[in-house]
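What follows is a single structure, written as structure tokens, with notes after it.
The values are calculated or read from the model by the stated rules, or taken from the named source; none is laboratory data. Here the structure is a predicted model, which means the values were calculated and not measured. Glycine gets a Cβ as well: all are built from the backbone with ideal geometry, and neighbour counts include every protein chain shown. Ligands, DNA and RNA are stripped out before the accessible areas are found, and what is left, the full protein with its side chains, is counted by its heavy atoms. Shrake-Rupley method; radii C 1.70, N 1.55, O 1.52, S 1.80 Å.
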Amino acid sequence: MSQRDPIRVFVTHCFEDSDDYARVFEYFESARNFYYRNCSAPDARPATAAQEAVREELRRQIAPAEVVIALASLYTTQRDLLLFQLNFAKASDKPVVLLPHFGRGGLDPEALKGLIDESVPWDERALVDTVKRQARHEETTRWDTIEFKLD
């Protein structure tokens, strides 16, 4: 992964603003040396509200992605559209990473069994490491350094 070869990411959405959607990209932007390209476009709502037009636009956005990030918050509000996105991702052989509801108890991953490859908490470092691992099979070996001051 480099600036010339960023990881292509799709974040599930339903063509409307979402705090969780924006938060994912805040985490990505705050990560050092993490380069990505956003394949999702929630502003690209199809001109017609027909279900097939919406699904076709989502297929177009998911196709170039290397990894799909599923927002559990969509499960309660737009279950059918979320399940469509996850089913298409799995049919396209794309890894799926699940993020729980932010600040609340998460969605039971059993509800999405077979559709997600990994579940990760809302933590910038964990999210970035999981995306790298799922998209490019890159293992990160980071160590935390703790400094102690002895008086």
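Under 10 Å, Cα contacts only: if you run a Gaussian network model on the chain, which one of Thr48, Thr77, Thr12 comes out with the highest mean-square fluctuation?
The residue with the greatest mean-square fluctuation here is Thr48.
Here are some values of Cα extents along the principal axes in Å: (i) 62, 31, 22; (ii) 68, 38, 27; (iii) 44, 27, 26. Which one was computed from this structure?
For Cα extents along the principal axes in Å, the calculated option is (ii).
With all protein chains present, how much of the accessible area of the chain (probe radius 1.4 Å) comes from carbon and sulfur, to the nearest whole percent? If you can, show how the numbers build up before the last one.
Numbers: 4070 of 8880 Å².
For the chain, the apolar C and S fraction of the accessible surface comes to 46 percent.
If I take R0 = 35 Å and measure r between the Cβ atoms of Arg136 and Lys113 in this structure, what FRET efficiency does the formula 1/(1 + (r/R0)^6) give, to the nearest 0.05? Don't skip to the answer; put the middle values down first.
Details: r = 25 Å, r/R0 = 0.72.
E(calc), rounded to 0.05, equals 0.90.
How much net charge surrounds Leu98 when only the other residues with a Cβ under 10 Å from the Cβ of Leu98 are counted, with Lys and Arg +1 and Asp and Glu -1? Mind dumping the intermediate values first?
Details: positive: none; negative: Asp117, Glu118.
Combined, the nearby Lys, Arg, Asp and Glu give -2.
Using the alpha-carbon atoms, what tilt in degrees (0 to 90, nearest 10) does helix 124-136 show relative to the longest principal axis of the chain?
Around 60 degrees separate the two axes.
Based on DSSP loop calls and a cut-off of at most 12 other Cβ atoms within 10 Å, the longest stretch of the chain free of exposed GluC sites (Glu not before Pro) is what? Could you put the intermediate results ahead of the total?
On the way: sites that count: Glu16, Glu138, Glu139, Glu147.
In short, 17-137.
Pairing the Cα long axis of helix 79-91 with the longest principal axis of the chain, what angle in degrees results, from 0 to 90 and rounded to the nearest 10?
Tilt of helix 79-91: around 70 degrees.
Just to be sure I understand: with springs between alpha-carbon atoms less than 10 Å apart, which residue in Gln134, Gln85, Gln51 has the highest mean-square fluctuation in the Gaussian network model of the chain?
Fluctuation is largest for Gln51.
In square angstrom, what is the accessible area per residue of the chain with a 1.4 angstrom probe? Intermediate values should be presented prior to the final figure.
Details: 8880 Å² over 151 residues.
Result: 59 Å² per residue.
Under a Cβ-Cβ cut-off of 12 Å, what is the net charge of the residues other than Asp43 that fall near it, where Lys and Arg count +1 and Asp and Glu count -1?
On the way: positive: Arg45; negative: Glu16, Asp17, Glu57.
Local net charge: -2.
As a check on your grasp of the helix formula, calculate [θ] at 222 nm for the chain: sum -39500 (n - 2.57) over DSSP H runs of n ≥ 4, divide by the residue count, round to the nearest 500. Show your work: numbers first, answer last.
Values: 5 runs with 55 residues, N = 151.
Dividing the helical sum by the residues of the chain leaves -11000 deg cm²/dmol.
Run the 1.4 Å probe and let me know the accessible area of Ser92, rounded to the nearest 10 Å².
Near enough 40 Å² of accessible area.
Quote the FRET efficiency, to the nearest 0.05, computed for Glu57 versus Asn33 with a Förster distance R0 of 22 Å and r equal to the Cβ-Cβ distance.
Numbers: r = 32 Å, r/R0 = 1.46.
So the FRET efficiency works out to roughly 0.10.
Does anything in the range 74-101 have its amide N under 16 Å from the 7 Å Cα→Cβ label point of Trp122, and if so which residues?
74-77, 98-101
What does DSSP give for the chain in terms of the percent of beta bridges that are antiparallel, rounded to the nearest 5?
Taking every DSSP beta bridge within the chain, about 0 percent pair in antiparallel fashion.
Rounding to the nearest 10 and keeping the result within 0 to 90°, find how far the Cα-based axis of helix 19-30 lies from the longest principal axis of the chain.
With both axes taken from Cα atoms, the answer is about 40 degrees.
Would you list, by chain and number, the lysines whose Cα falls below 19 Å from the Cα of Lys113, excluding same-chain residues fewer than 8 positions away?
Straight-line reach from Lys113, under 19 Å: Lys90, Lys94.
Loop by DSSP (not H, G, I, E, B), at most 15 other beta-carbon atoms within 10 Å: where is the longest site-free stretch of the chain for trypsin sites (Lys or Arg not before Pro)?
Working: sites that count: Arg4, Arg32, Arg104, Lys113, Arg142, Lys149.
Longest site-free region, per DSSP loop and neighbour criteria: 33-103.
For the chain, what is the charge dipole size about the Cα centre, in debye to the nearest 20, if Lys and Arg each add +1 at the Cβ and Asp and Glu each add -1 at the Cβ?
Numbers: 20 positive and 26 negative charges, 86 e Å.
Computed charge dipole of the chain: roughly 420 debye.
For the pair Glu147 and Ala22, what calculated FRET efficiency results from E = 1/(1 + (r/R0)^6), where r is the Cβ-Cβ distance and R0 = 41 Å, to the nearest 0.05? Present the calculation step by step, with values, prior to reporting the outcome.
On the way: r = 33 Å, r/R0 = 0.82.
Calculated value: 0.75.
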